[in-house]
Structures are given as structure tokens and as C-alpha cells.
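Undergrad: Submitted below is the structure of interest, expressed as C-alpha cells.
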Amino acid sequence: MGDGSSRSTLVLRTLIADYWKSSSLSWTLSQIFASPIWPKASSENYMSMGIKFLLLAICIWSLPDSLVSTNSSDGLFRIALKKRSLDLKDINAARITSREDLLRRDLGHYNSNFNDLEANIVYLKNYFDTQYYGEIGIGTPWQSFTVVFDTGSSHLWVPSSKCIFSIACYLHSKYRARLSSTYTKIGKHCKIPYGSGYISGFFSQDDVRVGDLLVRNQVFSEVTGEGFFTFLGTEFDGILGLGFREMAVGLVTPVWYNMFEQHRISQKMFSFWLNRDPTSRLGGEVVFGGLDWRHFRGDHTYVPLTRNDYWQIEMGDILIENESTGLCKYGCAAIIDSGTSLLAGPTAVVAQINHAIGAAGFINMECKSVALKYGNMIWEYLIEGIRPEIICVDLGLCIYNETRRVSPNIASMVQNQTQEGSSVGESAFCTFCEMIVFWVQVQLKQQKAQEKVYKYVDELCEMLPNPLGKSFINCDKMAAMPYISLTIGNKSFPLSPEQYTLVVEEGHTTVCLSGFVPLDVPTPQGPLWVLGDIFLAAYHTVFDFANMRVGFAKAA
């Protein structure tokens with residue numbers, strides 16, 4: 001029975017591979033044994049093979065939840081997400097950094113890498129604050145990995161079995177090419193930039209299973225070196241990018257492109273629902289091929305994309321209660337990014353928000369000194385109608401470089417001060433001056449008295465968010481904090497204090513932090529906002545590639 005036994009084992013494996021996700025595992029032994037290619041065998045052989053089948057069926061039933069059947073009669077493909085708890089260390093380590101920051105850093109080991117950053121990269125992050133992740137399979141038989149479904153990047157990468165010099169690789173699942181019958185070697189070297197450096201590895205090709213969807217011949221990266229991207233403490237193994245092909249290293253086709261190019265989904269869209277219920281085991285869902293009506297209320301507000309390489313839209317004013325923060329009144333760019341928990345935006349606005357919600361930042365004496373020394377002149381210039389963009393140049397704090405000012409942001413200034421122990425240089429005073437001009441301008445439009453304006457500027461200097469850390473909030477005062485509203489598609493999207501605050505359990509203590517962090521991206525890409533999971537948890541989000549738009553509706 002040697003030949004027949006191996007043939008029957010092959011048939012059994014084939015049936016299991018083909019039907020492991022069927023709506024029911026109720027097919028019987030008689031159905032399987034009735035297959036025309038099943039060898040003739042005695043009743044004892046049937047019983048023996050039946051026991052083997054039963055054992056294999058038990059193994060299938062014990063597969064991880066996210067790899068169990070997620071399709072339904074509505075034709076949608078759902079990927080269950082898990083949610084991890086953040087601690088203070090994760091929050092403080094989280095970074096969203098503009099490309100310009102990285103290019104300006106005077107760190108010898110960074111320079112050679114970041115000088116070749118692609119021009120279309122706007123910002124980078126390091127995933128320390130990522131909370132939501134799900135499971136996928138790679139290879140045949142599939143090897144399971146937990147990944148972040150990230151709309152802010154375009155790559156699929158997982159640790160490689162050839163990653164031998166990184167401790168983190170030994171703490172995560174590793175892809176083993178030799179165990180997969182569908183693996184194809186590519187071997188081309190690749191480097192992927194992130195907020196804390198690069199990860200490096202090489203391209204490979206294999207089948208990828210995302211829930212019920214089997215994507216064949218998917219090119220992905222096997223990571224062999226992390227650089228400064230350390231994911232020792234993370235609960236996920238890799239990243240599955242849901243961004244655009246134009247942003248992918250080597251222009252590799254992203255997984256979700258191949259889903260519709262291989263006709264696995266009928267509609268070119270996917271949607272996110274993030275579950276805010278802390279008692280629920282389900283962290284949320286990514287739905288490919290459509291949207292789930294159970295996860296939102298009312299209609300979606302759709303807005304067109306403004307770029308063809310990012311999920312980027314135009315956003316209007318940011319309101320504290322009903323008061324304008326000014327800077328985005330006539331429009332700012334906003335990128336919808338499921339790979340971060342944070343809401344990142346221009347320092348000039350974030351400082352106003354953190355001041356209004358009582359978030360305690362780091363007292364910045366340099367900001368106060370600029371306000372004290374130049375405040376009267378800034379006031380007089382604005383009263384006289386001098387153009388705001390030339391005031392700081394006229395005061396000698398900023399210089400022109402061809403057609404635009406040189407205005408490095410605060411993050412780079414604090415980085416240099418922290419590393420070198422020196423006082424802030426002239427370029428940082430330019431940044432402080434520009435912010436003070438903007439703040440005074442906003443107050444003048446509200447017809448505030450000069451004394452009140454100076455007091456307000458002084459308070460904002462104290463509340464400047466720390467680019468290397470986060471701003472704390474008194475948890476007991478959360479009920480009294482204002483709503484912060486974002487204007488998208490001429491419609492207001494309010495966030496309650498509970499929605500924009502990160503609550504972290506630290507030992508036996510609860511710590512509350514502002515979900516707003518600074519990110520200063522210069523023109524032409526900026527001013528820019530990054531709307532992370534804080535926003536996506538409040539508003540169910542549809543990423544409609546067919547119509548190049550994004551839609552938001554109140555999450556249910």
C-alpha cells in the first residue's frame with residue numbers, strides 16, 4: 001500500500017489546502033474516499049486513514065482566529081485585528097519624523113543612509129505606538145506572521161530565517177524559504193526607511209494568505225538587518241503596507257493591488273473599523289472588497305485624494321470648541337495612516353491644542369526670550385500691516401534661501417540641544433519667531449488686547465510639545481476638556497477628550513497623554529497632518545481606490 005498510501009496522503013493534503021477555509025468542515029470521510037483518485041483499500045486501511053484525517057481536521061480547527069474563515073455571504077473578506085496595550089515606554093519612544101528632520105540630523109551613522117531618501121517620502125515613523133495588528137500566512141504550507149496593516153507604507157516584510165545577528169529576530173516568527181513549495185528566489189537587496197533608521201534585507205516571492213484571500217506570487221522582503229529600527233518589545237512580526245505602489249521600494253506591487261489584479265476581490269476598496277471597547281477581544285477589522293454596514297452610523301463623507309502616492313486628502317480648519325486655530329483655515333494636507341496611534345500636525349497648532357486641554361509640556365526659555373525681546377516689534381509690525389512672512393526676516397532672525405525662508409523646526413533644534421548640550425542656535429530662534437508671529441496674528445483677528453495676547457504667547461511657550469516626548473494630561477480633568485474638531489469636506493469631525501487622549505496603565509497608576517504631537521513639514525508638502533488610529537477609531541474609514549477617495553462615517 002506504499003504507493004496508494006502516499007497518493008491518499010497527497011489527496012488529503014490537497015483537499016485540506018483547498019478547503020481549509022470553507023464555510024463548513026462537515027464534509028465526510030465518505031465524500032473524501034469517494035474521490036476517483038483515491039486508491040482501493042481495505043476497511044482497516046479506511047479506518048486508519050480516517051483516524052489520520054480526524055487528527056488533521058482537529059489541527060485545522062485549532063488554527064489562529066484570524067486564519068479561520070472570515071468570508072461571508074456578502075462577498076466581503078474580513079481580517080480580524082488584535083489590539084495590544086501601550087505602556088509609557090512605547091508612547092515616549094514613538095516617533096513621527098519629517099524627512100527634513102532626518103536629512104538635517106548630524107549623526108554620522110545616519111548621514112550615508114538618509115542622503116538617498118526618495119524625494120516623495122514625506123515623513124517616517126517607527127511603529128512603537130502601533131496598537132492594532134492581525135495575522136497572515138506566507139508560503140505553502142503557510143507560515144503564520146502577525147503584521148500591522150499600514151496605510152502609511154506600501155511594503156510587506158517579515159523577519160527572515162537568515163536574520164542571525166539581531167536579537168529581535170529570535171523573538172519573532174521568521175520566514176523559512178526552504179519549507180515552502182511555492183517559494184521563488186529573487187535575492188535582490190533592499191532597504192526600507194523608517195522613523196528610527198532603515199531595515200534591510202532582500203526580495204523573495206511566495207504565496208500570501210490574508211484571511212480567505214490567497215494572493216499568488218507576491219513579492220515581499222525578508223528582513224535580515226534592522227539598523228536602528230528596534231522591534232524587540234512589539235507583538236507584531238512585520239508590516240503589510242496598504243499604501244500605493246509608487247511609494248514601494250523597487251516599485252514592488254503591494255499585496256492589496258494583487259488582490260484585485262488577481263480577481264480575488266470585486267471592488268477596489270478596503271475599510272477599517274477599530275474597536276474602542278477595552279473589554280472586547282476583537283480589536284477591529286480590515287475588510288477587503290467593500291465595507292461592513294454594522295461598523296458605522298449614517299453616511300460616509302467622501303473627499304478626493306490630492307496625491308497619487310499617499311492616502312492624502314485636504315483638511316480644513318482645526319477648531320478648539322468653536323475657536324479657529326488659524327493655520328489650516330485655508331487648507332492643510334492630511335495623510336490617513338493606520339500605522340500610528342497619534343495625531344501629528346504643525347507645532348503652532350498642536351501647542352494651541354495642548355494649551356487648551358491643559359497638557360503639560362516642557363518650559364522653553366528660548367521661546368519666551370524671543371517673545372520678551374521681540375514681542376513689541378512683532379505686535380507693531382502686524383498692526384502696521386507688514387506681511388507676516390517677512391517680519392522675522394526683518395528682525396534678523398530668519399534668512400532667505402532663494403525663494404523661501406530657512407526655518408528648521410523645533411524637533412531638530414531640541415535634538416541638537418539634547419545631544420550637544422549647547423544653547424539653541426539662530427535657526428531655532430527663527431522657528432520661535434515665526435510661531436509667535438502666527439500666534440499674535442490669530443489673537444489680533446479675535447480682537448484680543450495686547451496684554452492678553454502677550455500672556456497667551458507666554459503660556460503657549462510653556463506648553464510647547466516636547467518633540468522627544470509626550471505631553472501629560474490630568475486624567476481627573478478629562479470631562480472638562482474641550483472637543484477638538486477637524487474640518488474635512490466642509491464637515492466637522494469632532495473628537496471628544498476620551499477619543500483624543502491616550503490612557504496608559506503604568507504599574508498601579510493610570511497616566512493620560514495628549515494624542516497630539518508635533519510634525520513640521522515645510523512647503524510644498526506641508527503644512528501636514530497625520531491622522532492615525534485615534535481618528536480611525538472614532539470614524540469608520542473607507543479607502544476607495546477605484547474612485548481615488550477616502551470616506552469617513554461615525555464608528556458604531
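Undergrad: Of the residues in region 299-313, how many are in a strand (DSSP E or B) and in contact (Cβ under 8 Å) with a residue 40 or more places away in the chain? If you could, list the steps in order and put the result at the bottom.
TA: Looking only at region 299-313, we keep the residues that are in a strand (DSSP E or B), and these are 299-304, 312-313.
Checking which are in contact (Cβ under 8 Å) with a residue 40 or more places away in the chain leaves us with 299-304, 313.
Total satisfying the criteria: 7.
Undergrad: Identify the single condition in (1) farther than 16 Å from Val148 by Cβ; (2) in contact with a helix residue (DSSP H, G or I) (Cβ under 6 Å, 6 or more places away or on another chain) that Trp293 does not satisfy, given that it satisfies every other one.
TA: Here Trp293 meets the rest and fails (2).
Undergrad: Inspect all residues belonging to region 273-290 and state whether any of them is part of a loop (DSSP other than H, G, I, E, B) and within 15 Å of Gly551 (Cα to Cα).
TA: Looking only at region 273-290, we keep the residues that are part of a loop (DSSP other than H, G, I, E, B), and these are 275-283, 289-290.
Keeping just the survivors that are within 15 Å of Gly551 (Cα to Cα) gives 289-290.
Yes: region 273-290 contains one or more residues that are part of a loop (DSSP other than H, G, I, E, B) and within 15 Å of Gly551 (Cα to Cα).
Undergrad: If a residue must be modelled with pLDDT of 95 or more and either part of a loop (DSSP other than H, G, I, E, B) or under 30 Å from Leu76 (Cβ atoms) (or both), how many such residues does region 185-209 contain?
TA: 6
Undergrad: From Phe552, Phe535, grab the single residue that is assigned to a strand (DSSP E or B) and either out of contact with any strand residue (DSSP E or B) (no Cβ under 6 Å at 6 or more places or on another chain) or surrounded by 24 or more Cβ atoms within 10 Å (Cβ to Cβ) (or both).
TA: Numbers: Phe535 fails: assigned to a strand (DSSP E or B).
Exactly one of Phe552, Phe535 is assigned to a strand (DSSP E or B) and either out of contact with any strand residue (DSSP E or B) (no Cβ under 6 Å at 6 or more places or on another chain) or surrounded by 24 or more Cβ atoms within 10 Å (Cβ to Cβ) (or both), namely Phe552.
Undergrad: Okay, moving on. All but one of (1) modelled with pLDDT of 95 or more; (2) open to solvent by 10 Å² or more (accessible area, probe 1.4 Å); (3) not small (Gly, Ala, Ser); (4) not in a loop (DSSP other than H, G, I, E, B) hold for Glu246; state the number of the condition that does not hold.
TA: With respect to (1) modelled with pLDDT of 95 or more; (2) open to solvent by 10 Å² or more (accessible area, probe 1.4 Å); (3) not small (Gly, Ala, Ser); (4) not in a loop (DSSP other than H, G, I, E, B), Glu246 is out only on (1).
Undergrad: Which of the residues that make up region 137-162 are farther than 22 Å from Gly225 by Cβ, open to solvent by less than 20 Å² (accessible area, probe 1.4 Å) and assigned to a strand (DSSP E or B)?
TA: Correct list: Gly137, Phe149.
Undergrad: Here's something else I'd like to know. Taking region 275-292 as the region of interest, how many residues are open to solvent by less than 10 Å² (accessible area, probe 1.4 Å), under 17 Å from the mean Cα position of the chain (by Cα) and not aliphatic (A, V, I, L, M)?
TA: Number satisfying all stated conditions: 2.
Undergrad: Being part of a strand (DSSP E or B) and either β-branched (Val, Ile, Thr) or touching a Ser or Thr at 6+ places or on another chain (Cβ under 9 Å) (or both) is the requirement here; does Phe165 meet it?
TA: Working: part of a strand (DSSP E or B): no; either β-branched (Val, Ile, Thr) or touching a Ser or Thr at 6+ places or on another chain (Cβ under 9 Å) (or both): yes.
Answer is no for this residue.
Undergrad: State whether the residues of region 213-232 include one that is closer than 19 Å to Gly134 by Cα, within 20 Å of the chain's Cα centre (by Cα), modelled with pLDDT under 95 and open to solvent by 30 Å² or more (accessible area, probe 1.4 Å).
TA: Within region 213-232, one or more residues are closer than 19 Å to Gly134 by Cα, within 20 Å of the chain's Cα centre (by Cα), modelled with pLDDT under 95 and open to solvent by 30 Å² or more (accessible area, probe 1.4 Å).
The values are calculated or read from the model by the stated rules, or taken from the named source; none is laboratory data. Nothing here was measured: the structure is a model prediction, and the numbers come from that model. Here the Cβ is made from the backbone with ideal geometry for all residues, glycine too, and neighbour counts use every protein chain on show. Heads up: the accessible areas ignore ligands, DNA and RNA and are worked out on the full protein's heavy atoms, side chains in. Shrake-Rupley method; radii C 1.70, N 1.55, O 1.52, S 1.80 Å.
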